[in-house]
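To start, the structure itself, in C-alpha cells.
The values are calculated or read from the model by the stated rules, or taken from the named source; none is laboratory data. Computed from a prediction, not measured in an experiment: that's the story for all the values here. When we count neighbours, we look across all protein chains shown, and the Cβ atoms used for this are built from the backbone with ideal geometry, even at glycine. Just so you know, the surface numbers come from the protein's heavy atoms only, side chains and all, with ligands and any DNA or RNA stripped out. Shrake-Rupley method; radii C 1.70, N 1.55, O 1.52, S 1.80 Å.
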Amino acid sequence: MSTLNTCTICQTELQGDYCSSCGQRYLGRRVNTWDVIGGWLSGLLLPERSLLGTFRQLLTNPRYIVNNYWSGFRGYYLSPSQLVVYMLFIFGLHLALVNQEILGITVNVSGVSDSLKAFLSPQLFLFLLMIPMLALSTAAVYYPHKHSFPEHFTAAIYLFALWAILFTLLYDTLYLLLGIELGSLPFWFFGVVFLWSARVFSPEGSAWYRVLLNAVLSILMLALIFAILLGIAYLLDPEGVIEQG
C-alpha cells in the first residue's frame, strides 16, 4: 500500500504504484542508494521525458521537485541522472564546438597521456567530482535536518545539472554570437547552485536572509572540503600534480 494517499502532480487518489490520471510512479518509500544507481542506468537509456516541465519546476520551486523524487514518485519529471545525460550532451557540444573550458574553468594535468586526456576532459572530471562535493557540503551544513546522503546527492545532481546546462548555453551563445567571454562565470555558477540548494534545504517559509546565509555557509564548507583535499594532495605530492588555469 502507498504511504501517501494522493499524487503530488494531479492530486488524484492513488490506488497502486502508478497514478491513474497522470501516470506518475510511486515507490512507496524514500529514496535510497539503489534508487540513485538505478536512476543513472535508466538515464542512459531513457533521457526523453518531461525536460521543459522539469526545468520550469526546478527554476521556480526546486524544493517541490526534489522532495517529489525523494518521496518515491517517478515517471513524470526527469530523474536526476536523466538530467545529467543532457548536461553531458551540452558539455560535449561545448568542448567540440567552442573551447576546452567548462564554465570558464581550465584544468591542466601533468603526467597524463594525450590519449587519456582525449578520452576524459580534466575539466569534465572536475565538474563531475563537484557533484558529490556539493552533496557533502550540504549534508554537513544541513545535518540537523536528518536527510540521508542519497537525498543530498540527488538534490546536488538536480541543481548542479540544471545550472550547468543553462550557464553553458548562455556562455556559448554570448561567445559564438557576440564574441563575449564571461570571466566571472564560475563565481556566478557556484553562487546560484548554492543559493538554489539553500532554497531546497532551508525550512519552508525561511526569510530570504536566512536562505542566503545558508548558501554562504555551504560555500564555506565546500571550500573547507577542497582545502582538506588539497592538503592531502600536497602531502602525497609536494611538487604539485594539478595546475589550474
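A few comments on the model shown:
- Residue within segment 167-187 that is of a type outside the set (A, V, I, L, M, F, W, C), touching a helix residue (DSSP H, G or I) at 6+ places or on another chain (Cβ under 7 Å), touching a residue at least 40 places away in the same chain (Cβ under 8 Å) and under 23 Å from Thr33 (Cα atoms) present: no
- Set Tyr234, Tyr158: member being more than 18 Å from the chain's Cα centre (by Cα) and among the aromatic types (Phe, Trp, Tyr): Tyr234
- Residue satisfying condition, being polar (S, T, N, Q) and at pLDDT below 75, within set Ser42, Ser71, Ser21, Ser79: Ser42
- Residues that are part of a loop (DSSP other than H, G, I, E, B) and free of Cβ contacts under 8 Å to residues at least 12 places away in the same chain were ranked within segment 204-222; the one that is most open to solvent (accessible area, probe 1.4 Å) is Gly205.
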